[in-house]
Amino acid sequence: DKTEAKVVKAAFLPPALAKRLDETCTLADWDLLNETERKAAAEDARVLAVNGESIVTAEFIAQFPKLELIADFGVGYDGIDVAAAHARGIAVSNTPGVLTDDVADMAMGLLLATSRQIVEAQRFIERGDWAKGGFTWTKKVSGGKLGIAGMGRIGQAIARRAAGFEMEISYTDRQAIPGLPYTFVGDLATLAAEVDFLIMCVNGGEKTRALVDAEILKALGPEGILINIARGTVIDETALIAALDAGIIAGAGLDVFECEPDVPSALHGRPNVVVTPHMASATHATRKAMGDLVFENIAAHFSGQPLKNPVNPY
Ligand code: 8YV
């Protein structure tokens with residue numbers, strides 16, 4: 001049944017989700033509205049639908065006097081001022097779980113593509129270079145030492161995959177996670193110094209901003225490969241480029257960047273760098289499952305049921 005309840009969509013959402021919302025509620029698309037229309041839509045909106053890349057500041061939230069829920073199409077909510085939302089009694093929901101496998105698959109894909117220089121190998125063929133001799137030798141992955149920074153759902157899914165590659169797995173997090181068969185290391189610099197491959201799986205936000213800086217890159221060292229499927233903010237991109245230039249690390253595989261969709265040109269065309277456009281959760285199956293979860297959270301809210309995936313006020 002269609003309700004009069006107003007939902008404002010303020011970010012890209014899969015068309016199928018937008019259609020479902022439009023069929024069941026009154027949906028307004030922020031990006032298509034002029035100033036006057038925005039004011040009117042914000043006045044009545046009970047739900048704001050955004051995505052993992054959205055920046056939802058306290059000032060933005062303040063424009064919505066009747067807001068009850070911010071529904072995030074994504075697991076990461078570092079762009080949302082959750083404290084400001086909670087201070088006004090506005091709930092926040094996200095889409096954990098359904099994207100874990102895809103993000104872990106992508107982390108392994110980037111690890112293999114970067115270490116084995118798969119993208120450069122394709123360029124090598126396309127340049128016609130094979131006729132002049134074989135491709136360069138690359139870095140072995142199987143049996144290597146893997147460090148995972150952030151051992152949540154995604155970190156653990158990566159570890160399970162890496163176990164199939166017979167990798168020696170260690171990790172860092174706020175504290176050791178009971179029951180995990182991997183080595184806990186208390187700080188990132190020590191972890192980086194001990195491993196061949198470092199995968200960033202931590203939450204975004206202020207607490208993890210530039211966690212990977214010049215010092216961590218130095219610790220990872222000239223044989224070390226850095227992978228990031230978390231948030232661009234987690235790595236100091238300028239320090240990373242300097243480290244790649246100086247051979248301080250061996251390579252990097254990155255799905256996320258500081259200022260998306262801008263990927264610094266200094267990261268283009270390097271044999272030891274693989275870049276992808278924040279696509280780790282973007283498979284047909286997962287995007288559908290994420291869309292379904294967003295819909296279920298909004299529907300639960302409108303029918304007075306508890307949210308399926310509340311983001312808790314810490
Ligand atoms: C999406 C993400 O790309 O879940 C997240 O936190 O960053 C990704 O899954 C994003 O939410 C869709 O815009």
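Quick note: the coordinates plus some simple rules give every number you see, no bench work behind them. Small disclaimer: the values here were computed from a predicted structure and weren't measured. Note that we place each Cβ from the backbone using ideal geometry, even for glycine, and neighbour counts take in every protein chain shown.
Fewest-first ordering of S115, S303 by other beta carbons within 10 Å of each residue's beta carbon gives S303, S115.
Taking packing as the residue-averaged number of other Cβ atoms within 10 angstrom, the listed peptides 305-312, 23-30, 61-68 run from highest to lowest as 23-30, 61-68, 305-312.
Of the beta bridges in the chain, as assigned by DSSP with both residues counted there, near 5 percent are antiparallel. The slack in the chain from D245 to E260, taken as 0.36 nm per residue of separation less the alpha-carbon distance, amounts to 3.2 nm. Relative contact order, whole percent, for the chain stands at 17, derived from Cα pairs under 8 Å and 6 or more residues apart.
A simple spin-label model places pseudo-atoms 7 Å from Cα toward Cβ; at I177 and D44 they are separated by 4.4 nm. Applying the Karplus relation 6.51 cos²θ - 1.76 cosθ + 1.60 with θ = phi - 60° to the range 271-277 yields 3J(HN,Hα) values of x, 9, 10, 10, 10, 10, x Hz, where x marks Gly and Pro.
Each DSSP beta bridge with both residues in the range 100-275 is either parallel or antiparallel, and the antiparallel ones are about 5%.
Exposure proxy for I229, I90, I298: other Cβ atoms within 10 Å of each Cβ, ordered fewest to most, give I90, I298, I229. In terms of overall dimensions, the range 100-275 has a Cα radius of gyration and Dmax of 15.7, 54 angstrom. Taking every C-alpha pair closer than 8 Å and separated by at least 6 residues, the mean separation divided by the residue count of the range 49-176 gives a relative contact order of 19 percent.
The Stokes-Einstein estimate for the range 3-61, based on a Kirkwood radius over Cα pairs and taken at 10 °C with 1.306 mPa s viscosity, is a diffusion coefficient of 135 µm²/s. When the Cα convex hull of the range 47-170 is projected onto planes of every orientation, the mean area is 10.7 nm².
Sorted largest first, the spans of the alpha carbon positions of the range 191-314 along the three principal axes are 58, 31, 23 Å.
When the scattering of the chain is computed by the Debye formula from its Cα atoms alone, each counted once and equally, what is log10 I(q)/I(0) at q = 0.09, 0.12 Å⁻¹? Taken in order of the listed q values, log10 I(q)/I(0) reads -0.51, -0.84.
Residues S54, S265, S93, ranked from the fewest to the most other C-beta atoms within 10 Å, line up as S265, S54, S93. For the chain, lysine pairs with C-alpha atoms less than 18 angstrom apart, excluding pairs fewer than eight positions apart on the same chain, total 12.
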